[in-house]
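The values are calculated or read from the model by the stated rules, or taken from the named source; none is laboratory data. All figures in this text were calculated on a predicted structure; none of them were measured in a lab. FYI the Cβ positions are ideal-geometry reconstructions off the backbone, even for glycines, and counts take in every protein chain you see. Heads up: the accessible areas ignore ligands, DNA and RNA and are worked out on the full protein's heavy atoms, side chains in. Shrake-Rupley method; radii C 1.70, N 1.55, O 1.52, S 1.80 Å.
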Amino acid sequence: MTDESLYRLADQTAIEPLIDKWVAWPHIFSPAPYCLHLLNYQTKVLSSYLQAPEVHVKSARNPKLMGGPFVNASTERAAEVRDLLNHLMETHRDDLDLARSLIEFQNQLTEEAQGQSLEPYYEKIPEALQGYVELVYDYNNHPITRCLESLLYHSPYYKTHIQSLRVFRQMRDDSRAYFMSTPRLPERDQIDWIIPFADPQIDQLFNLDLQPQPLGYIREIFKPPVDDEKLIPLLSKAPNKIAEQWSDSGIRFRYFGHACVLIEWNGVSILIDPFISVMPEDGGIDRFTYTDLPPQIDYVLITHAHHDHFVLETLIRLRHRIRYLIVPRSSGIFYGDTSLKLLAQKIGFKHIQEVDALESIFVPSGEITAVPFLGEHNDLPHAKTAYVVRAGKEQILFAADSSCLDKRVYEHIRNVLGPIRTVFVGMECIGAPLSWVYGPLLPKAPEHAHSQSRRSHACDAVGALHLLHAVGAERVYVYAMGREPWLKHSLAFVPEENDLYMKESTKVLETCRVRGFVDAQRLFGRYELYLGGM
């Protein structure tokens, strides 16, 4: 008998986009950073694991060592890890050659080029780099090997056949192995769907979130076909729960965790830094999920390229529901400063707009304005922007991980845009050292003292209060600072009740309440806020 029931994706069904079994994020997507990360991190961490699997497993499961270069794969799977390493070394010889050539040539330039013409060095460019770089100086005569990123996306170094989706059911809780150090080895109950991220066939799968389909239709989505034994547990016959488009003239905010906020008014929907969780089989803390988003999202705003803000897992799943993706413009000078516009195009987005500071996008009865974003990137140049959203007469600043290094920047913003009454801000005030995310991309390993000094941090209490005063805020909402459990595999953060993040954010909230703020809260998990009609 044919099953004519309609199925949607189950509430527990999650995906991870993979590149050769590693969770995809901006640093392993753009070709030059990918090659460097492959050489300086992935192959090294796998080699280290194979020398002492037991040490890696023990270290990976130690909360104090979370985020370290330890593979969280049982010793029984060491042979699979060896096979993966051999595969990477064999099939990515060209990528590894590009990475070595880029590092060696940049270091040669740094040593030899002291201000004289760089033109003779074009003849010395290694074969792997020829036709893909420009040689330039900064204004202090420091030479730079500038990668032509758009050409690299059309080169053999960009390989779509190694892209895939891991589709699985989040069974027990929100836990997953740390994304950077642990490749996703095959599991019995998951679907490993080898497909380029930009393939529109993917949208058919995720459209099940909105429009259930018969099992036969769903089977046809996957090529090659998958067994019903794997497919059916990922589906549900329960009716779809679709959030209605908010059409009230008042403003509704929905906080989805971390720095992800949905703002809606008059039928306009704007989603900032989408990082959406599914609900695990065994439950978990209360949260908004994909079912709480409107069928169409007018604008998605990306503040910067860090893996917890440009989240491929969420963006690919929502792609068919997003009208316009707004991203900050990169400088194009440094290979680590990847173009988010190019990246978004390569994962299938059609309508993308880059913005610079104070560029605006007009929306019905409102406006989106990009504003400067200082700090957070270890003193390296990076595509980044904060946003001021005007809904009627209300202005809201989504500051993300901005660090108030110079309060005059925010005073100037207020002079241009007027008072900004509501602010959402991050206060991860310690931050990771330079070597954690950027180490694999650097031509030379930084000195330990430099790495510890240059941290990717947001505001502390002093900085946050300066920011709030400068823009004329009356409401402040501090992000959860990585404390939601579904952030753990991404940020490797184990929260403590009285850690410095909590102490600093409490200072801000208490001070703001004493100063008579209308509202001052630290968010966590799920929160909904309404501001009256405009």
Worksheet item: For segment 101-123, what are the residues that are open to solvent by 20 Å² or more (accessible area, probe 1.4 Å), over 13 Å from CYS147 (Cβ atoms) and not charged (D, E, K, R)?
Response: ASN107, GLN108, THR110, GLN114, GLY115, GLN116, SER117, PRO120, TYR122
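Each row is one residue, and each column tells you yes or no for (1) under 21 Å from the mean Cα position of the chain (by Cα); (2) open to solvent by less than 20 Å² (accessible area, probe 1.4 Å); (3) closer than 30 Å to LEU208 by Cα; (4) among the acidic types (Asp, Glu).
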| site | (1), (2), (3), (4) |
| --- | --- |
| TYR137 | no, no, no, no |
| THR160 | yes, no, yes, no |
| ARG169 | no, no, yes, no |
| SER175 | yes, no, yes, no |
| PHE179 | yes, yes, yes, no |
Item to complete: Go over the candidates LEU65, LEU9, LEU38, LEU50 one by one and state the one that is open to solvent by 50 Å² or more (accessible area, probe 1.4 Å) and among the aliphatic types (A, V, I, L, M).
Response: LEU65
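Are any residues in segment 443-484 assigned to a loop (DSSP other than H, G, I, E, B), open to solvent by 10 Å² or more (accessible area, probe 1.4 Å) and more than 20 Å from GLY418 (Cα to Cα), and if so, which ones?
First pass over segment 443-484, keeping only residues assigned to a loop (DSSP other than H, G, I, E, B): 443-447, 454, 457-460, 472-474, 479-484.
Filter once more, keeping what is open to solvent by 10 Å² or more (accessible area, probe 1.4 Å): 443-447, 454, 457, 460, 472-474, 483.
PRO443, LYS444, ALA445, PRO446, GLU447, ARG454, HIS457, ASP460, ARG483 - these are the residues of segment 443-484 that are assigned to a loop (DSSP other than H, G, I, E, B), open to solvent by 10 Å² or more (accessible area, probe 1.4 Å) and more than 20 Å from GLY418 (Cα to Cα).
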Item to complete: Kindly state which strands (runs of 3 or more DSSP E) lie completely within segment 320-375 and contain at least 1 residues that are open to solvent by 70 Å² or more (accessible area, probe 1.4 Å).
Response: 322-328, 352-355, 360-363
Worksheet entry | Of all residues in segment 139-158 being touching a helix residue (DSSP H, G or I) at 6+ places or on another chain (Cβ under 8 Å) and of a type in the set (S, T, N, Q), the one that is surrounded by the most Cβ atoms within 10 Å (Cβ to Cβ) | THR145
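Would you check which residues across segment 13-48 are free of Cβ contacts under 8 Å to residues at least 40 places away in the same chain and either part of a loop (DSSP other than H, G, I, E, B) or more than 26 Å from ILE191 (Cα to Cα) (or both) and list them? Talk me through it step by step, then tell me what you get.
Residues of segment 13-48 that are free of Cβ contacts under 8 Å to residues at least 40 places away in the same chain, as a first pass: 28, 44, 47-48.
LYS44, SER47, SER48, listed by residue number.
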Worksheet entry | Of residues in segment 85-124 being touching a Pro at 6+ places or on another chain (Cβ under 8 Å) and of a type in the set (S, T, N, Q), the one farthest from ILE162 (Cα to Cα) | THR110
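TYR217 - would you say it is hydroxyl-bearing (Ser, Thr, Tyr) and without any contact (Cβ under 8 Å) to a residue 24 or more places away in the chain?
On the way: hydroxyl-bearing (Ser, Thr, Tyr): yes; without any contact (Cβ under 8 Å) to a residue 24 or more places away in the chain: yes.
Yes.
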Discussion item. For segment 286-303, give me the residue count where each residue is surrounded by fewer than 17 Cβ atoms within 10 Å (Cβ to Cβ), in contact with a helix residue (DSSP H, G or I) (Cβ under 9 Å, 6 or more places away or on another chain) and either of a type in the set (A, V, I, L, M, F, W, C) or free of Cβ contacts under 8 Å to residues at least 60 places away in the same chain (or both).
Written reply: 1
Worksheet entry | Residue satisfying all of: in segment 407-425; in contact with a helix residue (DSSP H, G or I) (Cβ under 9 Å, 6 or more places away or on another chain) and part of a loop (DSSP other than H, G, I, E, B); surrounded by the most Cβ atoms within 10 Å (Cβ to Cβ) among these | ILE420
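Checking the conditions here, which among ILE263, ILE218 is in a strand (DSSP E or B), surrounded by 18 or more Cβ atoms within 10 Å (Cβ to Cβ) and at pLDDT 95 or above?
Details: ILE218 fails: in a strand (DSSP E or B).
ILE263 is the lone residue from the list that is in a strand (DSSP E or B), surrounded by 18 or more Cβ atoms within 10 Å (Cβ to Cβ) and at pLDDT 95 or above.
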Item to complete: Could you tell me which numbered condition ARG522 fails, if it satisfies all but one of (1) crowded, with 19+ Cβ neighbours inside 10 Å; (2) touching a residue at least 60 places away in the same chain (Cβ under 8 Å); (3) touching a Ser or Thr at 6+ places or on another chain (Cβ under 9 Å)?
Response: (2)
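Out of THR511, THR506, I need the residue that is more than 22 Å from PRO274 (Cα to Cα), free of Cβ contacts under 8 Å to residues at least 40 places away in the same chain and part of a helix (DSSP H, G or I). Which one? Talk me through it step by step, then tell me what you get.
Working: THR511 fails: free of Cβ contacts under 8 Å to residues at least 40 places away in the same chain.
Just a single option satisfies the conditions, and that option is THR506.
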Worksheet, complete the sentence: Within segment 68-82, the residues that are assigned to a helix (DSSP H, G or I) and either surrounded by 14 or more Cβ atoms within 10 Å (Cβ to Cβ) or touching a Leu at 6+ places or on another chain (Cβ under 7 Å) (or both) are ARG77, ALA78, GLU80, VAL81, ARG82
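Is it the case, given these coordinates, that ASP189 is under 30 Å from the mean Cα position of the chain (by Cα), of a type outside the set (S, T, N, Q) and within 30 Å of ASN266 (Cβ to Cβ)? Give the derivation first.
Numbers: under 30 Å from the mean Cα position of the chain (by Cα): yes; of a type outside the set (S, T, N, Q): yes; within 30 Å of ASN266 (Cβ to Cβ): no.
No: the conditions fail for ASP189.
From the list LEU129, LEU85, pick out the single residue that is touching a residue at least 40 places away in the same chain (Cβ under 8 Å), surrounded by 15 or more Cβ atoms within 10 Å (Cβ to Cβ) and under 22 Å from HIS37 (Cβ atoms).
Values: LEU129 fails: touching a residue at least 40 places away in the same chain (Cβ under 8 Å).
The match here is LEU85.
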Discussion item. GLN245 - would you say it is part of a helix (DSSP H, G or I) and either within 30 Å of THR422 (Cβ to Cβ) or within 27 Å of the chain's Cα centre (by Cα) (or both)?
Written reply: no
